[in-house]
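Handing you a structure now.
The values are calculated or read from the model by the stated rules, or taken from the named source; none is laboratory data. Model, not experiment: these values are computed from the prediction. Neighbour counts are summed over all protein chains in view; Cβ atoms, including those assigned to glycine, are modelled from backbone coordinates with ideal geometry.
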Amino acid sequence: MSLSSKKTITDLPGSEISGKKILIRVDFNVPQDKSTGAITNNARIVAALPTIKYVIENGAKSVILCSHLGRPNGAPNSKYTLRPVAEELQKVLGKNVTFIDECVGSKVEEKVAAGKEGEVFLLENLRFHIEEEGSSKDEATGEKKKASPEAIEAFRSSLTKLADLYINDAFGTAHRAHSSVVGFKGEPRLAGFLMKKELEFFSKVLENPEQPFLAILGGAKISDKIQLIENLLDKVNKLIVCGGMAFTFKKIINSVEIGNSLFDEEGSKKVHDLVAKAKKNNVELIFPVDYICGDKFDKDASRKTVTDSEGVPKGWMGLDAGPASREEFKKAILSSKTILWNGPAGVFEFDAFAEGSKAMLDACIEACQKGATVIVGGGDTATVCKKYGAEDKLSHVSTGGGASLELLEGKNLPGVANLSEKK
């Protein structure tokens with residue numbers, strides 16, 4: 001599946017949007033205050049505005065927005081209603097938004113059909129129906145319930161009836177074969193501006209990276225990232241392994257004493273194979289050579305710096321990359337043209353052990369300023385960028401943790417595969 005061959009919102013002339021009813025799958029899964037339900041961060045709503053405004057400005061007859069919110073497990077639950085999102089969207093869009101308290105069925109179809117010219121609708125939470133995800137789990141009993149193929153088909157058919165064309169702007173759910181992601185039957189099915197940006201940057205990295213290409217992989221377990229490492233070893237020139245999973249590599253390859261640091265028993269069995277593949281593909285592997293240790297996993301832990309030869313003392317754990325490691329990482333980053341970063345260098349949530357991740361971020365910003373393409377693959381690494389207000393200082397910070405990970409593992413994403421092909 002080629003990412004660059006998918007049809008996007010700008011591939012369609014404005015004349016083909018004019019007068020059309022348009023269904024947009026957005027990601028309005030926003031954080032809310034537990035007691036009041038008030039939206040605590042509207043970034044995802046604001047991020048969808050360029051796509052919404054573009055179709056309005058090009059004369060869409062109506063704009064129908066659909067999203068999930070939380071995990072209501074396939075049944076209506078007032079805690080997860082999208083009504084407050086409609087109010088927030090109305091504020092930031094500066095235009096009336098009609099909330100419909102259902103997402104499929106004749107009532108929705110009638111309301112949309114009777115809509116005024118240029119009206120914006122927000123449908124109720126897609127996950128109030130088991131047919132969106134295909135199954136649900138009873139929280140009390142843990143029992144799984146499956147939707148019938150006929151019910152799923154009817155749900156998808158109702159969504160399709162609402163609109164003349166479909167736009168997916170929810171990259172964060174693109175790895176899920178959910179009804180709103182893959183079930184719209186009409187043509188064309190386009191990527192919105194958010195999805196388009198994700199596809200452009202990931203196609204650059206996966207299909208045509210400028211060399212030298214460096215990947216930085218952090219995180220706790222090798223076993224969680226084996227497929228990712230395997231796939232990237234076929235593409236990169238250099239690979240930095242940092243964070244918790246570096247200790248498993250160091251113990252197996254160099255017999256470094258790691259004290260109470262993370263050790264991934266299952267992942268350790270794969271270390272020699274991964275190192276052999278790197279050697280075969282002429283990929284330079286870069287590991288930390290010193291560590292900031294803590295005597296406990298705590299923000300107030302006592303700290304000390306140790307080298308490889310000293311090892312991590314018993315009862316202590318490595319929680320961040322040391323100063324010599326940070327220099328090595330910086331050297332590798334500044335000598336690369338394409339940099340993909342997935343996983344922090346240490347326990348950045350504790351300020352005492354955040355220096356490694358901050359230094360890595362600073363080096364990536366410097367590389368970006370010097371013309372390198374720097375892509376952050378969502379999840380914890382995106383949180384590092386947010387913590388230091390650096391989201392706009394890098395080429396691209398992905399909005400999809402799981403989706404970007406699966407893409408980098410070499411998997412096809414259902415939500416991307418479902419988009420129409422450029423002719």
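Quick test of your reading of the structure: K411 fulfils all but one of (1) buried (at least 20 other Cβ atoms within 10 Å of the Cβ); (2) touching a His at 6+ places or on another chain (Cβ under 9 Å); (3) of a type outside the set (V, I, T); (4) in a loop (DSSP other than H, G, I, E, B). Name the failing condition by number.
Checking K411 against (1) buried (at least 20 other Cβ atoms within 10 Å of the Cβ); (2) touching a His at 6+ places or on another chain (Cβ under 9 Å); (3) of a type outside the set (V, I, T); (4) in a loop (DSSP other than H, G, I, E, B), the one that fails is (1).
Let me ask you something else. Check the stretch 77-88 and report whether any residue there is free of Cβ contacts under 8 Å to residues at least 40 places away in the same chain and not in a helix (DSSP H, G or I).
No, every residue in the stretch 77-88 fails to be free of Cβ contacts under 8 Å to residues at least 40 places away in the same chain and not in a helix (DSSP H, G or I).
Determine, yes or no, whether K91 is free of Cβ contacts under 8 Å to residues at least 12 places away in the same chain, in a helix (DSSP H, G or I) and either buried (at least 18 other Cβ atoms within 10 Å of the Cβ) or not acidic (D, E) (or both).
The answer is yes for K91.
One line per residue, one yes/no per condition, for (1) in a helix (DSSP H, G or I); (2) over 19 Å from I240 (Cα atoms):
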{"position": "F348", "(1), (2)": "no, no"}
{"position": "A352", "(1), (2)": "yes, yes"}
{"position": "S357", "(1), (2)": "yes, no"}
{"position": "L361", "(1), (2)": "yes, no"}
{"position": "C364", "(1), (2)": "yes, no"}
{"position": "C368", "(1), (2)": "yes, no"}
{"position": "G371", "(1), (2)": "no, yes"}
{"position": "V384", "(1), (2)": "yes, no"}
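Something else: Considering only the stretch 274-282, I want to know if a residue exists there that is of a type in the set (S, T, N, Q) and on the phi > 0 side of the Ramachandran plot.
yes
Could you check S35 against (1) part of a loop (DSSP other than H, G, I, E, B); (2) touching a helix residue (DSSP H, G or I) at 6+ places or on another chain (Cβ under 8 Å) and say which number it fails?
Going through (1) part of a loop (DSSP other than H, G, I, E, B); (2) touching a helix residue (DSSP H, G or I) at 6+ places or on another chain (Cβ under 8 Å) one by one, S35 breaks only (2).
From (1) in contact with a helix residue (DSSP H, G or I) (Cβ under 6 Å, 6 or more places away or on another chain); (2) charged (D, E, K, R); (3) touching a residue at least 12 places away in the same chain (Cβ under 8 Å), pick out the condition that doesn't hold for E391.
Here E391 clears every test but (3).
If L262 passes every condition in (1) surrounded by 15 or more Cβ atoms within 10 Å (Cβ to Cβ); (2) at pLDDT 95 or above; (3) farther than 30 Å from F202 by Cα but one, which one does it miss?
Unmet for L262, out of (1) surrounded by 15 or more Cβ atoms within 10 Å (Cβ to Cβ); (2) at pLDDT 95 or above; (3) farther than 30 Å from F202 by Cα: (2).
Suppose the filter is surrounded by 18 or more Cβ atoms within 10 Å (Cβ to Cβ), assigned by TED's automatic domain parsing to the domain that holds G172, farther than 18 Å from E119 by Cα and of a type in the set (G, A, S); does G70 pass it?
no
Restricting to the stretch 286-335, what's the tally of residues that are charged (D, E, K, R) and touching a Gly at 6+ places or on another chain (Cβ under 8 Å)?
Residues flagged as charged (D, E, K, R) and touching a Gly at 6+ places or on another chain (Cβ under 8 Å) within the stretch 286-335 amount to 6.
Results for (1) over 24 Å from D224 (Cα atoms); (2) exposed (fewer than 15 other Cβ atoms within 10 Å of the Cβ); (3) of a type in the set (D, E), shown as yes or no for each residue.
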| position | (1), (2), (3) |
| --- | --- |
| A276 | no, yes, no |
| N281 | no, yes, no |
| Y291 | no, no, no |
| G311 | yes, no, no |
| S335 | yes, yes, no |
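Looking at E139, E117, which is the one that is of a type outside the set (G, A, S), assigned to a loop (DSSP other than H, G, I, E, B) and touching a residue at least 60 places away in the same chain (Cβ under 8 Å)?
Going through E139, E117 in turn, the sole match is E139.
Now, a different point. Would you mention how many residues in the stretch 313-341 are touching an Asp or Glu at 6+ places or on another chain (Cβ under 6 Å) and either part of a loop (DSSP other than H, G, I, E, B) or in contact (Cβ under 8 Å) with a residue 40 or more places away in the chain (or both)?
Residues in the stretch 313-341 being touching an Asp or Glu at 6+ places or on another chain (Cβ under 6 Å) and either part of a loop (DSSP other than H, G, I, E, B) or in contact (Cβ under 8 Å) with a residue 40 or more places away in the chain (or both): 5 in total.
On the given criteria, is V26 in contact with a Leu (Cβ under 7 Å, 6 or more places away or on another chain), assigned by TED's automatic domain parsing to the domain that holds L162 and buried (at least 20 other Cβ atoms within 10 Å of the Cβ)?
Yes; evaluated as a whole, the condition is true for this residue.
Closer than 30 Å to H396 by Cα and modelled with pLDDT of 95 or more, is that true of A47?
It is false that A47 is closer than 30 Å to H396 by Cα and modelled with pLDDT of 95 or more.
Quick check: is even one residue across the stretch 242-254 among the small types (G, A, S) and part of a helix (DSSP H, G or I)?
Yes, the stretch 242-254 has at least one match.
From the set of residues in the stretch 1-22 that are outside any helix (DSSP H, G or I) and hydrophobic (A, V, I, L, M, F, W, C), which is surrounded by the fewest Cβ atoms within 10 Å (Cβ to Cβ)?
M1
The conditions are (1) part of a helix (DSSP H, G or I); (2) of a type in the set (A, V, I, L, M, F, W, C); (3) not assigned by TED's automatic domain parsing to the domain that holds I45, and V236 fails exactly one of them. Which is it?
(1)
I'm trying to understand the selection: among the residues of the stretch 207-233, which are under 17 Å from V275 (Cβ atoms), modelled with pLDDT of 95 or more and part of a loop (DSSP other than H, G, I, E, B)?
Result: L233, single match.
Among what's in the stretch 48-58 and is surrounded by fewer than 17 Cβ atoms within 10 Å (Cβ to Cβ) and out of contact with any helix residue (DSSP H, G or I) (no Cβ under 7 Å at 6 or more places or on another chain), pick the residue that is nearest to S15 (Cα to Cα).
Looking at residues that are surrounded by fewer than 17 Cβ atoms within 10 Å (Cβ to Cβ) and out of contact with any helix residue (DSSP H, G or I) (no Cβ under 7 Å at 6 or more places or on another chain), I get E57.
Got a number for residues in the stretch 147-204 being more than 15 Å from the chain's Cα centre (by Cα), assigned to a helix (DSSP H, G or I) and either in the same structural domain as C368 (by TED's automatic domain parsing) or closer than 22 Å to K137 by Cα (or both)?
The total comes to 12.
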